[in-house]
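Heads up: the structure comes next, in structure tokens.
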């Protein structure tokens, strides 16, 4: 079968070559004069047609190249979409695992009221844990803000950050620090992701916010929001006013 496909083209090439060699003898037998200059002039009449065929062939080559480029662009788009879908799936899996860790870590947070706070407030228990610890820290922070206001202190963003660090965070850094670092890492991972759109980042940020009760979210009374971030020296605090 393979031999036949080789022999047929070989036979056609051989016959064509033989006809070309025998044309000087064969054409007079058919009543056609063998006049090479006339044949050359007759062949020149096809010059315009040859140019047209060449132009059409060039256009066909350009069209083929464009089709190949479009196919490659579609393939790259499909590959990119597949990579984005796979990345989003992996990101969501990791993100919800982090949310589960945040919820678990939240229950380990501990906070205790200061002596100054206890002297002016009647509380049933000095030590609080879990979501009650955040409520206690929230109430204590408001207490110290009110004390500073009574003393005439100008509480700008840096002053609020220093007040929180001194009166709240550093006293129970072992549990509060771990919790807020975990929240920060989760939000930072969302913010640094190159495949997520701004709307998707907002959605993931709201999911993190949804894990926090009002006591763990920014104080509306103080009209400030606390932003915790890691530095080379550990955890520092900024207040966005």
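Please give the peptides 156-163, 205-212 ranked by average Cβ packing (other Cβ atoms within 10 Å per residue), highest first, as a rough proxy for protection.
Descending mean neighbour count gives 156-163, 205-212.
Note down the nm distance, to one decimal, between modelled labels 7 Å out along Cα→Cβ at residue 108 and at residue 207.
2.3 nm
Got a sec? How would 164, 143 order by Cβ neighbour count within 10 Å, fewest to most?
Ordered by Cβ neighbours within 10 Å, fewest first: 143, 164.
Where in segment 179-209 is the amide nitrogen less than 12 Å from a point lying 7 Å along the Cα-to-Cβ axis of residue 77?
none
If packing is taken as the average count of other Cβ atoms within 10 Å, what order do 165-174, 186-195 fall into, highest mean first?
Top to bottom by mean Cβ count within 10 Å: 165-174, 186-195.
Quick note: the coordinates plus some simple rules give every number you see, no bench work behind them. Since we're looking at a predicted model, the values are computed, not measured. We place every Cβ from the backbone using ideal geometry, glycine too, and count neighbours over all the protein chains shown.
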